[in-house]
Amino acid sequence: MSGFHFVTDLDGTWLAGPPAARRRLEAALAVRPGVVLTFATGRTFPSAMAALAQEGLRPPHHLITDVGAALFHLTPDGAWVEDQAWARLAASAWNAPAAAGIVDSGLPATVRPQPGLAPLRRLALQTAGGAGLSEAGTAVAEACRARGLAADILPSHGLYLDVLPPGIHKGSALAFLQAAHKLPRPIVGCGDSANDLALFEAADLPLLMQDGLPDGEIPTPLRDRIYRTKAPGPEGIHLALAAFGLLEGAPHGR
């Protein structure tokens, strides 16, 4: 077997289901030659580090945070460093003064900042005041236009809205990482929500979690390529990797 690039979202995907299933998959990936592990999350870097520590996760080789607005690499001595080339590219597409103006002048009543976060090169918002995600997204888009902020607005989990530099998302960060580091293929991309759609587009084998985004919310061309797992979280991923011949055998202890 040749290697592959395994890229997974955290919340609702890698962190879903029983920890024992994740440990079995971690062990299987660790002994499989040539596997590169990348986490791609909407969390900030400090929040992702906290999740790794709290859940006792095997550290990945690379870490995409802030829904793609930041990229980090694990050095051989165990230190994390931000990819400055990607940071410059993302920053060049982000009008930081306009974004700050939206926050300082008062966000729409339908949203508020996600608490406790210091996001990089994005606005991390969530719905407020009983507003639905569509209503909140429309209000945020109007606020961006009023301030001259060119941005992409990505929803997730029926609650969150991320305002990102145009063209910056998990998929573009993954494509940059793949090319810059000449990582192996195929790319397996795992996720569960709308902010993973760009990740699925960039992946050779997109794996949508069993209880993830409904089919009706996935664009038709992409929907035809996506494989929906047969069990939640890492157990479903493990079964899919075995079915596609990327890991030997099905997970034990089911």
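Tell me whether the range 157-165 contains one or more residues that are without any contact (Cβ under 8 Å) to a residue 12 or more places away in the chain and among the small types (Gly, Ala, Ser).
Looking only at the range 157-165, we keep the residues that are without any contact (Cβ under 8 Å) to a residue 12 or more places away in the chain, and these are none.
No, that holds for no residue.
Could you say which residue among Leu199, Leu213, Leu208 is surrounded by 24 or more Cβ atoms within 10 Å (Cβ to Cβ), under 24 Å from Leu241 (Cβ atoms), without any contact (Cβ under 8 Å) to a residue 24 or more places away in the chain and of a type outside the set (Lys, Arg)?
Leu208
Collect the residues in the range 174-193 that are outside any helix (DSSP H, G or I) and more than 10 Å from the chain's Cα centre (by Cα), keeping them in residue-number order. Spell out how you get there, then give the answer.
Let us first name the residues in the range 174-193 that are outside any helix (DSSP H, G or I), namely 182-193.
Once the filter is applied, which keeps residues that are outside any helix (DSSP H, G or I) and more than 10 Å from the chain's Cα centre (by Cα), the range 174-193 yields Lys182, Leu183, Pro184, Arg185, Pro186, Ile187, Val188.
Yes or no: Leu107 in a loop (DSSP other than H, G, I, E, B), in contact with a helix residue (DSSP H, G or I) (Cβ under 6 Å, 6 or more places away or on another chain) and on the phi < 0 side of the Ramachandran plot? Lay out the reasoning, then the answer.
Details: in a loop (DSSP other than H, G, I, E, B): yes; in contact with a helix residue (DSSP H, G or I) (Cβ under 6 Å, 6 or more places away or on another chain): no; on the phi < 0 side of the Ramachandran plot: yes.
Here the answer is no, as Leu107 does not meet what is asked.
Which of the residues belonging to the range 1-21 are within 12 Å of Pro234 (Cβ to Cβ) and either surrounded by fewer than 16 Cβ atoms within 10 Å (Cβ to Cβ) or out of contact with any Asp or Glu (no Cβ under 8 Å at 6 or more places or on another chain) (or both)?
Those that are within 12 Å of Pro234 (Cβ to Cβ) and either surrounded by fewer than 16 Cβ atoms within 10 Å (Cβ to Cβ) or out of contact with any Asp or Glu (no Cβ under 8 Å at 6 or more places or on another chain) (or both): Phe6, Thr8, Leu10, Trp14, Pro18, Pro19, Ala20.
Using beta carbons and a limit of 7 Å, which pairs, at least six apart or on different chains, have the first residue in the range 125-145 and at pLDDT 90 or above and the second one in a helix (DSSP H, G or I)?
Listed pairs, sorted by first residue: Leu125/Val140; Thr127/Leu133; Thr127/Ala136; Ala143/Ile102; Cys144/Ile102.
Yes or no: Asp83 under 18 Å from Ala151 (Cα atoms) and either acidic (Asp, Glu) or in contact with a His (Cβ under 6 Å, 6 or more places away or on another chain) (or both)?
Numbers: under 18 Å from Ala151 (Cα atoms): no; either acidic (Asp, Glu) or in contact with a His (Cβ under 6 Å, 6 or more places away or on another chain) (or both): yes.
Spelling it out, it is not the case that Asp83 is under 18 Å from Ala151 (Cα atoms) and either acidic (Asp, Glu) or in contact with a His (Cβ under 6 Å, 6 or more places away or on another chain) (or both).
The values are calculated or read from the model by the stated rules, or taken from the named source; none is laboratory data. Everything quoted here is computed from the prediction, not taken from an experiment. Note: ideal-geometry Cβ built from the backbone for every residue, glycine included; neighbour counts use all protein chains shown.
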